[in-house]
Every structure is written in C-alpha cells, then in structure tokens.
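The values are calculated or read from the model by the stated rules, or taken from the named source; none is laboratory data. What you are looking at is a predicted structure, and each value in this text was computed from that prediction instead of being measured. Cβ placement follows ideal geometry from the backbone for every residue including glycine, while neighbour counts extend to all protein chains displayed. Ligands, DNA and RNA are excluded from the accessible area calculation, which covers all protein heavy atoms including side chains. Shrake-Rupley method; radii C 1.70, N 1.55, O 1.52, S 1.80 Å.
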Amino acid sequence: MDLSATPPALSKRFRTRRLSAVFGVEIEGLDLAGRVSDDDIAEIRRLWNECGLVLLRDQRFSMEEHIAFSRRFGTLDLNQTLLPFRHVKHPELLVLSTIPVDGKPSKSENVGRHWHTDLSYTTRPPLGSLFHCHVIPEVGGDTVFANMAAAYDALSEAFKQRIEGLEAVHDYMQVENMKKRDPAMVAELKKLNPPVAQPLVRVHPETGRKTLYLGEQVARRIVGMSEKEGAAILDFLHEHAADPLFTYRHRYRVHDLVLWDNRQLMHLALADFPPGAHRYCVRTTVVGSLSGRVLEG
Ligand SMILES: [Fe+2]
C-alpha cells in the first residue's frame, strides 16, 4: 500500500475530511434534516462507494426522517431475519441498545461483538447500513471497521489464486454469544436463518474492486474442504483483514450518522464501556443484490 502520495480532494461539492489513510470520510456542514437535493444524494453515494464509510456528525433528525433519508439510497430491509431486534413501531429500524426494557436486559445488548458484515448469512446481504446514535456512553461503545478490499489487495497473487472461486458457509447460529441469549429468541433466529454459502471473494458492483467476504464467527467452513482446512484459511483471512493497517475505529458522538458499505467493510461493535452504561442506536439497512445460496439440512 502506497501511503506516500498526497491524496486528491475527495469532493468538489462538500467539505470533507479523511478519517484514515485507507478509507472513511466525514462530510462537514450538511444538515440532513434540511433540504437534501438529488445531486447531494448522488455525491454522498459516490463517496460511500469510494471511501467505504461516510460520517455525518450532529444530525438531529427524527426516526421518520432517518428512514426517509435512507430510502433515497434504495429499498430498506424490514429486518425479518432479526425480528427480536426490530423497532416496534418502525420495521425499517433495527435497535442496538443496552438499555433494559421493562426491567429485563435489552435483547440486542450483545449483538455484533465479533467481526462481521451485516446479514452475510442471508442470500440478500445489504448494500449498506445507516447507523444513527441517540444515546452514547461516556466512554466506549466504539465500532471498528476493516476494509476488505485493501486486505484482498495485500494478499500474494498465489494466495489470491488459491481462494478464487471458494465459498464459505455463513451460519448465524455459530455466533458465540448466542448461548447468552434467551433460548426462545435463539430458536426463532435459527428458524429464520439457515446456513448460506457465500463466495469468499466478491467483486464490488460499483467500484469493480475485489473484496474478501468474511464473518469471524459465522464463517467457519469452506465448501468442499474439511473443517480443519477451512478453519486454517478462514482464521488466517480474518486475522489478516483485521490488521490495524486496514482498520478505522470510530468513537461515536450523540447524533452521529454513520453510513457503511457492507460490500467492502466488515465491522466489530466493541463492548468497551462500563457495565450498566447506556447506549441506544438505530440502524436502517439498504437491500443489496442476491448473493450465495441456502444450504439444505
Ligand atoms: Fe453489524
């Protein structure tokens, strides 16, 4: 990776700031609760594709406005594979919260604590996610993102050839903290999410770049290989892709809106806050193209 060249300006339309040398951009001075033109949307989409992650701070819009803004990027997922975490009034919103409900722990308090790409265990993994923060703990609650296109590029040609055409099995039930969740909820999630074989290398439909397609706990097997062989390749790739060189760690502020591209990034939601700390965020998810196949039995 050549980091020596002076990077060109990212946008002629917006004031922007790079978040890391490899990916991520902040757009400054744009209020999404005001009028956002189609040309603004086209430029945000271009930055989202080019940079993988777009940050807009201080967006004080309502849940309805969050949903309306997200719809301008495509059809929204109604969270039917994640029913227990769906917002009761707005099916387009997934709730990621540590705040107890009726004296019981929040159902989503342990979600996303491993490297993953959202919904990789479905046959329609999303284009991207738009994550809005309502309550943030005094410290922690960060998300780390890793750029899987940069990680792919850094592999040797020999290794790239070895993994071309392989499929990894993504199985949501393999998530380790599933054991900590309510058994009835786990049974429901199991019914909704059978294992899916996904290409290990995908081509980003808008940038044309090749990317790894991973998920630390969900992808444990490679089709046609023994468990040990598959695990050796996947363990290496997960470690390689999570190299700090390819990552950006985001420290949220209240009212942050973060758009990430699930076709080129994976991420990890850290539980790096004190017990009892409150965090409440909601996510919309833009539907992507078909990918992978359901495995029977
Ligand atoms: Fe996630």
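Suppose we filter R71, R15 for residues that are over 30 Å from P194 (Cβ atoms), more than 16 Å from the ligand (Cβ to nearest atom) and open to solvent by 50 Å² or more (accessible area, probe 1.4 Å); which single one remains? Show your work before the answer.
On the way: R71 fails: over 30 Å from P194 (Cβ atoms).
When all the criteria are applied, what remains is R15.
Taking L234, is it touching a strand residue (DSSP E or B) at 6+ places or on another chain (Cβ under 8 Å), modelled with pLDDT of 95 or more, outside any helix (DSSP H, G or I) and open to solvent by less than 40 Å² (accessible area, probe 1.4 Å)?
Taking the combined requirement at face value, the residue does not satisfy it.
Does the range 93-102 contain any residue that is surrounded by 17 or more Cβ atoms within 10 Å (Cβ to Cβ), more than 25 Å from V218 (Cα to Cα) and within 19 Å of the chain's Cα centre (by Cα)? Walk me through it before giving the result.
First, the residues of the range 93-102 that are surrounded by 17 or more Cβ atoms within 10 Å (Cβ to Cβ): 93-98.
With the extra rule that they be more than 25 Å from V218 (Cα to Cα), the set shrinks to none.
No: the range 93-102 contains no residue that is surrounded by 17 or more Cβ atoms within 10 Å (Cβ to Cβ), more than 25 Å from V218 (Cα to Cα) and within 19 Å of the chain's Cα centre (by Cα).
Consider the range 103-137. How many of its residues are open to solvent by less than 20 Å² (accessible area, probe 1.4 Å) and away from the ligand (no atom under 16 Å from the Cβ)?
1
If N147 satisfies every condition in (1) touching a Ser or Thr at 6+ places or on another chain (Cβ under 6 Å); (2) open to solvent by less than 10 Å² (accessible area, probe 1.4 Å) but one, which is the exception?
It fails just one condition, (1).
Mind checking which residues of the range 203-227 are assigned to a loop (DSSP other than H, G, I, E, B) and over 21 Å from the mean Cα position of the chain (by Cα)? First the steps, then the outcome.
Going residue by residue through the range 203-227, those that are assigned to a loop (DSSP other than H, G, I, E, B) are 204-209, 213-218, 223-226.
Hits for the range 203-227 are V223, G224, M225, S226.
Please determine whether any residue of the range 138-149 is among the aromatic types (F, W, Y) and within 14 Å of the ligand (Cβ to nearest atom). Break it down into steps so the answer makes sense when it comes.
So the first thing to find is which residues in the range 138-149 are among the aromatic types (F, W, Y), and the list is 145.
Next, only the ones that are within 14 Å of the ligand (Cβ to nearest atom) stay: 145.
Looking for residues that are among the aromatic types (F, W, Y) and within 14 Å of the ligand (Cβ to nearest atom), one finds at least one in the range 138-149, hence yes.
Of the residues in the range 167-176, how many are more than 18 Å from A242 (Cβ to Cβ) and surrounded by fewer than 18 Cβ atoms within 10 Å (Cβ to Cβ)?
1
Those residues that are of a type outside the set (A, V, I, L, M), over 26 Å from H204 (Cα atoms) and touching a residue at least 12 places away in the same chain (Cβ under 8 Å), I need them from the range 16-61; list them, please.
Correct list: E28, G29, D31, R57, D58, Q59, R60, F61.
Out of the residues in the range 252-297 that are among the small types (G, A, S) and within 16 Å of the ligand (Cβ to nearest atom), which is nearest to K104 (Cα to Cα)?
Taking the range 252-297 first, the residues among the small types (G, A, S) are 269, 271, 276-277, 288-289, 291-292, 297.
When the remaining residues are screened for being within 16 Å of the ligand (Cβ to nearest atom), the result is 269, 271, 288.
Values: A269: 22, A271: 19, G288: 34 Å.
The selected residue is A271.
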